[in-house]
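Chemist: Before I ask anything, here is the structure I am working with.
The values are calculated or read from the model by the stated rules, or taken from the named source; none is laboratory data. The model shown is predicted, which means the values in this text are computed figures rather than measured ones. Because the Cβ atoms are built from the backbone with ideal geometry, glycine has one as well, and the counts that use them run over all protein chains shown.
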Amino acid sequence: MTGNLSGQTVLITGAASGIGEAVALRFVKDGANVVALDRNADALAGLADRLGDRCAVLAGDCTEADICKQGVALALERFGKLDCVVANAGVYDWYKRIDRMEVADMQAAFEELFRINVLSTLLIARCSIEALRKSGGSLIVSCSNASFRAGGGGTLYTASKFALRGIVYQLAYEWAPDVRVNGVAPGGTITGLSGLDALESSSRRLDSENRTVEMVAKASPLKRAAEAEDHAGCYALLASRRDGKNLNGTILVSDGGLSSRMG
Ligand SMILES: NC(=O)c1ccc[n+]([C@@H]2O[C@H](COP(=O)([O-])OP(=O)(O)OC[C@H]3O[C@@H](n4cnc5c(N)ncnc54)[C@H](O)[C@@H]3O)[C@@H](O)[C@H]2O)c1
């Protein structure tokens, strides 16, 4: 295998669906071995079938420190090292305004959403730092257009994605020169991105909401809603030791130009 990521081992959270799955497929195509971590065991099994022995899977909840440690251990055991971690698992709040939630619901939604979007990123980063330092590797965080401005979600989602931007910048500063830390900020993308148990929206999926997909496409200067695969090259660039070696504290915006427009 002579791809740009040849010989790298990459651990991806939220790898069973959407953007994480597209990144796993692309990374294997580019020569990497992948450890796919997700709470959806059935979808993970399907990914493992497609990727064969270049992929190891771990079913579990990445908001649990033990699962994150197991993901790192699996990478080391199965492939001998860990070169890159993609902190990608995430959930959405469906634009729900906090002034339209009961106070108790807002607290529960905060705890659920920040646990998945923010805590899981900190945990996988913390659990992998030793292995990443050893390999001179990198961390890539799935941010969002909501990491930069209002309107990409509700207050809770936007706050969580701003927090991820802070994590990218701070870790890029603290972990240099040993480990590069970057992010990708997709705009609206047709995936199974789902809501929260606390807001009774966990069964809502973006890809089954035609109105949302149409709205996303209409708002984009490119007049289309992105597919998960459209972002995979951004992750591959950041992971690449050849092409990404000077990229640190960089968040690649992949939103079709949405955020470059006034008004
Ligand atoms: N789809 C979009 O429009 C969009 C836009 C910007 C950013 N993003 C971000 O991209 C990332 C991936 O989302 P997606 O759109 O591919 O959605 P998705 O639902 O298709 O994929 C997310 C995956 O994360 C997994 N997951 C969620 N919580 C988990 C947990 N606690 N433990 C383990 N796995 C867990 C899910 O099972 C799922 O497979 C998220 O961080 C999301 O915020 C998505």
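Chemist: Looking only at residues in the stretch 132-158 that are within 21 Å of Ala108 (Cα to Cα) and in contact (Cβ under 8 Å) with a residue 40 or more places away in the chain, which one is surrounded by the fewest Cβ atoms within 10 Å (Cβ to Cβ)?
Modeler: If we take residues in the stretch 132-158 being within 21 Å of Ala108 (Cα to Cα) and in contact (Cβ under 8 Å) with a residue 40 or more places away in the chain, then Thr155 is surrounded by the fewest Cβ atoms within 10 Å (Cβ to Cβ).
Chemist: Could I ask something else about it? Checking the condition modelled with pLDDT of 95 or more, on the phi < 0 side of the Ramachandran plot, assigned to a loop (DSSP other than H, G, I, E, B) and within 15 Å of the ligand (Cβ to nearest atom), which residue from Leu196, Leu252 passes?
Modeler: Values: Leu252 fails: assigned to a loop (DSSP other than H, G, I, E, B).
It is Leu196.
Chemist: Return yes when Gly151 is outside any strand (DSSP E or B) and either over 18 Å from Arg39 (Cβ atoms) or touching a strand residue (DSSP E or B) at 6+ places or on another chain (Cβ under 9 Å) (or both) and no when it is not.
Modeler: Yes.
Chemist: List every residue pair whose Cβ atoms sit under 8 Å apart, with the two residues 6 or more apart in sequence or on different chains, where the first one lies in the stretch 59-82 and is over 18 Å from Ile129 (Cβ atoms) and the second, anywhere, is within 12 Å of the ligand (Cβ to nearest atom) and in a loop (DSSP other than H, G, I, E, B).
Modeler: Ala59/Arg39; Ala59/Asn40; Gly60/Arg39; Asp61/Arg39
Chemist: Moving on to the next point. Restricting to the stretch 199-210, name every residue that is out of contact with any Gly (no Cβ under 6 Å at 6 or more places or on another chain), under 22 Å from Asn117 (Cβ atoms) and either outside any helix (DSSP H, G or I) or of a type outside the set (Gly, Ala, Ser) (or both).
Modeler: Matches in the stretch 199-210: Leu199, Glu200, Ser203, Leu206, Glu209.
Chemist: Working only within the stretch 174-193, note down all residues that are in a loop (DSSP other than H, G, I, E, B) and either within 11 Å of the ligand (Cβ to nearest atom) or modelled with pLDDT under 95 (or both). Steps first, answer last, please.
Modeler: Start the filter on the stretch 174-193 by keeping residues that are in a loop (DSSP other than H, G, I, E, B), which leaves 176-179, 187-188, 191-193.
Answer for the stretch 174-193, where residues must be in a loop (DSSP other than H, G, I, E, B) and either within 11 Å of the ligand (Cβ to nearest atom) or modelled with pLDDT under 95 (or both): Gly187, Gly188, Thr191, Gly192, Leu193.
Chemist: Kindly indicate whether any position in the stretch 74-85 is touching a Phe, Trp or Tyr at 6+ places or on another chain (Cβ under 9 Å) and closer than 25 Å to Lys29 by Cβ.
Modeler: The answer is yes; a qualifying residue exists.
Chemist: Further, regarding this structure: All but one of (1) part of a helix (DSSP H, G or I); (2) hydrophobic (A, V, I, L, M, F, W, C); (3) within 17 Å of Val23 (Cα to Cα) hold for Val213; state the number of the condition that does not hold.
Modeler: Going through (1) part of a helix (DSSP H, G or I); (2) hydrophobic (A, V, I, L, M, F, W, C); (3) within 17 Å of Val23 (Cα to Cα) one by one, Val213 breaks only (3).
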